[in-house]
Amino acid sequence: ASMPVYKSKFNESKGTSVCKTVVLPIKSALSGPCPSLPEGTEDIIDEALLSFRCNVLHTTFSQPGPADLTLCYLTIYIGEMLRFLKNTSTKAEAKKKSVQVSHSNNFSIPGDDGFCLPGFFGKPKTKGEANTLRSYYRQLREELTIRLLDIIYNKDGSQNKWWFQFSKKSFMGIDMAT
């Protein structure tokens, strides 16, 4: 029997609803639409990092809840970052290079042609909803990248091979979140 896919514990969370997902609070000093959570509490980014190595092996994700949509998106984004950084041998170099992706506003959202999970999300009904989702996901991408670099690079700045081996895997066969 295979491991079941890890589902988000934040599916019941209340918040601003956008494109069938929900704007969740996170621990972050970055500005954006996410409400702030105190240090020491788990957020959707922690959840994505903790479940990544299990979830990335899955080819399907059935009946996702609102927070699952964001969890799936972040899982794809982590895989994309691992592939993007796999030839970047030091954390210092990765920090510089990752900003190209994490700080970009030029990524697809639901309703765009290149969006990675078109059947999962709703299309934005208004320009305001599209803007909210884009700024929400930009904030998540930026904060996740900061935390990811601390995990995928060792204390001495070298690559953590236990993480980088997953650069060969793509969640549900999807390579890019951008």
### Query
Regarding P38, is this residue at pLDDT below 95 and not aliphatic (A, V, I, L, M)?
yes
### Summary
Here the qualifying pairs (Cβ atoms under 6 Å; residues six or more apart or on different chains; first in the range 117-140 and free of Cβ contacts under 8 Å to residues at least 40 places away in the same chain; second in a loop (DSSP other than H, G, I, E, B) and open to solvent by 30 Å² or more (accessible area, probe 1.4 Å)) come out as A130/P124
### Query
Assuming N131 fulfils every condition listed in (1) farther than 21 Å from P64 by Cβ; (2) in a loop (DSSP other than H, G, I, E, B); (3) touching a Pro at 6+ places or on another chain (Cβ under 9 Å) apart from one, which condition is it?
(2)
## Note on the structure
In the range 1-17, residues that are of a type in the set (G, A, S) and exposed (fewer than 10 other Cβ atoms within 10 Å of the Cβ) total 2
### Query
Would it be correct to say that K168 is modelled with pLDDT under 95, open to solvent by 30 Å² or more (accessible area, probe 1.4 Å) and farther than 13 Å from Y73 by Cα?
yes
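The values are calculated or read from the model by the stated rules, or taken from the named source; none is laboratory data. Just so we're clear, the structure is a prediction, and the values are computed from it rather than from any experiment. Don't worry about glycine lacking a Cβ; one is built from the backbone with ideal geometry, like all the others, and counts go over all protein chains shown. Side chains are part of the model used for accessible areas, which takes the heavy atoms of the whole protein and leaves out ligands, DNA and RNA. Shrake-Rupley method; radii C 1.70, N 1.55, O 1.52, S 1.80 Å.
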